Amino acid sequence: GGSAELRKNQMQHLVSNVMDKSTSTPVEISQETDCYVAELNLGAEVTLNLPAGKMAYFLCIEGEVKLNKEATLKRHDAAEIMGNGETGQIKIQATEVEKVEGGDEVAHVLVFTMKEVNGAGRKDI
């Protein structure tokens with residue numbers, strides 16, 4: 001399962017497609033989806049590669065993070081990140097932290113990546 005040590009200031013790959021033999025994760029599903037988690041100390045930065053043809057849904061669970069030095073997400077904020085058919089990187093930096101279970105002070109993030117679909121996502125905002 002998920003390990004606090006494996007997600008401390010790094011992205012832990014938690015969920016992957018059972019058909020993807022290039023990776024091994026604690027949970028494998030029959031979908032073309034991956035899930036990553038990280039708990040970041042104040043100022044820590046990690047990068048998640050977004051392969052061509054993929055998009056991401058990003059959730060800030062606790063704390064506050066800055067994405068690609070541009071968008072700021074606070075606790076419970078979410079973002080849809082389109083790859084626009086190109087390979088890219090999502091740089092995630094903890095700008096505020098919260099005390100979490102176990103006593104650490106971190107920014108806690110969860111990211112799902114999946115096949116990019118033109119026109120996907122919310123249209124009401």
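The values are calculated or read from the model by the stated rules, or taken from the named source; none is laboratory data. In this text, all values refer to a predicted model and were calculated from it rather than measured experimentally. As a convention, Cβ positions derive from the backbone with ideal geometry for all residues, glycine included, and neighbour counts pool all protein chains shown. Note: accessible area is taken over every heavy atom of the protein model, side chains too, but ligands, DNA and RNA are not part of it. Shrake-Rupley method; radii C 1.70, N 1.55, O 1.52, S 1.80 Å.
The table for this structure:
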quantity	calculated
Residues located in the stretch 12-38, provided they are open to solvent by less than 60 Å² (accessible area, probe 1.4 Å) and either among the aliphatic types (A, V, I, L, M) or on the phi > 0 side of the Ramachandran plot (or both)	14, 15, 18, 29, 37, 38
Residue that is crowded, with 16+ Cβ neighbours inside 10 Å, assigned to a strand (DSSP E or B) and either free of Cβ contacts under 8 Å to residues at least 40 places away in the same chain or acidic (Asp, Glu) (or both), where the choices are 73, 48	73
Criterion violated by residue 9 - all others in (1) of a type outside the set (D, E, K, R); (2) buried (at least 18 other Cβ atoms within 10 Å of the Cβ); (3) more than 20 Å from residue 87 (Cα to Cα) satisfied	(2)
Residues located in the stretch 76-96, provided they are open to solvent by less than 30 Å² (accessible area, probe 1.4 Å) and within 22 Å of residue 32 (Cα to Cα)	79, 83, 88, 90
The stretch 76-100, residues that are of a type in the set (Ser, Thr, Tyr) and not in a strand (DSSP E or B)	87
Selection status of residue 37, part of a strand (DSSP E or B) and touching a Gly at 6+ places or on another chain (Cβ under 9 Å)	yes
Candidate set: the stretch 61-70, residues that are in a strand (DSSP E or B) and closer than 14 Å to residue 45 by Cα; chosen: the one most open to solvent (accessible area, probe 1.4 Å)	66
Long-range neighbours under 7 Å by Cβ, at least six apart or interchain, first residue basic (Lys, Arg) within the stretch 54-66, second in a strand (DSSP E or B) and open to solvent by less than 30 Å² (accessible area, probe 1.4 Å)	54/113
